[in-house]
Amino acid sequence: MTQDSLAELSPIFFLQTFILELMHASEQQGQQHCEQLIEHIAKTAGCFFEKTYRSNTDNNDLLDKDQYIELILGLKNNIGGKFSLASSTADCITVSNSCCPFGERVNNFPELCRMTSSVFGGIAARNFGYAKVEIKKSIARNDGCCEVSIYTHPKAGQYQPGMEYTDTTPVKETQDMNALHTRIESSLQNLWCTRPAKKHQTPAIVAKSPSMQKILQSIEIIAPTSATVLIQGQTGVGKELIASAIHAMSLRSQKPFMAINCGAIPESLLESALFGHEKGAFTGAIEVHQGYFERAEG
């Protein structure tokens, strides 16, 4: 294999092929799963693209309309598209395209148009507070070109079809989640490292998904209270780690954290294990035994 035989294999072409194959694999899980995956990829990528644009333009303020147009056109055209501004009004921006970055292969995956919708809509919502994206024409639908309208005010697109986006996932949310993650890790670090007699490895919480981020937010809310918390989940999902994090951030953080495997306690010894017993309380009770509750109280 010579270098010339791979001359067309650019980094962009490689990533386009990878995404298409990812869509194909996801499609086997059903249409809804495929759409959710596309939505997640697009929103996450959109945040990154916007952050890169801000860094390159030294802009920490909300994007204005001209900057937004420059960003979305640049995103598509730099990966092989031929997007241009068709029209721009106070509450609506329309762009058109004559060449899909994914080429003819997009005909097999029209769902990829949703990726464009989510990138355009997510960025617009973060900067204008609201967006509805209407894909009026699509190469994937054999329209010969693409035409996309982004409405930046609810009234402007209220009678138009399309996906709506609101400012529910601002860039600041990622920063807040990172700060929350750091606070929880710090509490766990302090908890274990202040006990030199026990050589525990500080547990780490890896939380990228929205559902896990909600759990981290709940930890910080629950921890300072005296409420009883029920943590449910399958074996191996990290229930004890979440319990440790709640304990580490609670007012009881300096008291023992007792992890109990109830399944390993024989039924006949359950009462004694939990509540303890005095010496001579029953046959074989040769000494005082502190139960888990008493030991947890410290």
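The values are calculated or read from the model by the stated rules, or taken from the named source; none is laboratory data. This structure is a prediction, so every number in the text was calculated from the model and none was measured. For neighbour counting, all protein chains shown are included, and Cβ atoms are generated from backbone atoms with ideal geometry for every residue, glycine included.
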Report summary line: Among Ile246, Ile222, the single one that is among the aliphatic types (A, V, I, L, M), outside the structural domain of Ala296 (by TED's automatic domain parsing), without any contact (Cβ under 8 Å) to a residue 40 or more places away in the chain and within 19 Å of Tyr292 (Cβ to Cβ) is Ile246
Query raised in the report: Condition test on Glu104, is it at pLDDT below 85, assigned by TED's automatic domain parsing to the domain that holds Lys51 and either more than 18 Å from Gly46 (Cα to Cα) or surrounded by fewer than 16 Cβ atoms within 10 Å (Cβ to Cβ) (or both)?
Result: yes
Requested in this report: Please verify whether the range 228-250 includes one or more residues that are at positive phi, at pLDDT 85 or above and loosely packed, with under 13 Cβ neighbours inside 10 Å.
Outcome: yes
Query raised in the report: All but one of (1) surrounded by fewer than 11 Cβ atoms within 10 Å (Cβ to Cβ); (2) modelled with pLDDT under 60; (3) not acidic (Asp, Glu) hold for Gln32; which doesn't?
Result: (2)
Requested in this report: For the range 251-289, name all the residues that are touching a Ser or Thr at 6+ places or on another chain (Cβ under 9 Å) and among the polar types (S, T, N, Q).
Outcome: Ser253, Gln254
Query - Subset tally (residues that are in a helix (DSSP H, G or I) and either assigned by TED's automatic domain parsing to the domain that holds Glu294 or under 17 Å from Ala296 (Cα atoms) (or both)) for the range 225-240 - result: 1
Requested in this report: Could you give me the residue pairs with C-beta distances under 9 Å whose first residue belongs to the range 266-277 and is closer than 10 Å to Gln290 by Cβ, whose second residue is hydroxyl-bearing (Ser, Thr, Tyr) and modelled with pLDDT of 80 or more wherever it lies, and which are 6+ apart or on separate chains?
Outcome: Phe275/Tyr292; Gly276/Tyr292
Query raised in the report: Taking the stated definitions as given, is Ile38 at pLDDT 80 or above, in the same structural domain as Phe120 (by TED's automatic domain parsing) and under 17 Å from Ser118 (Cα atoms)?
Result: no
Report task. Identify all residues within the range 261-294 that are in a loop (DSSP other than H, G, I, E, B), surrounded by 13 or more Cβ atoms within 10 Å (Cβ to Cβ) and either touching a Leu at 6+ places or on another chain (Cβ under 7 Å) or modelled with pLDDT of 80 or more (or both); write none if there are none. Result -> Ile265, Gly276, Gly291
Report summary line: Within the range 145-154, residues being touching a residue at least 40 places away in the same chain (Cβ under 8 Å) and surrounded by fewer than 15 Cβ atoms within 10 Å (Cβ to Cβ) number 1
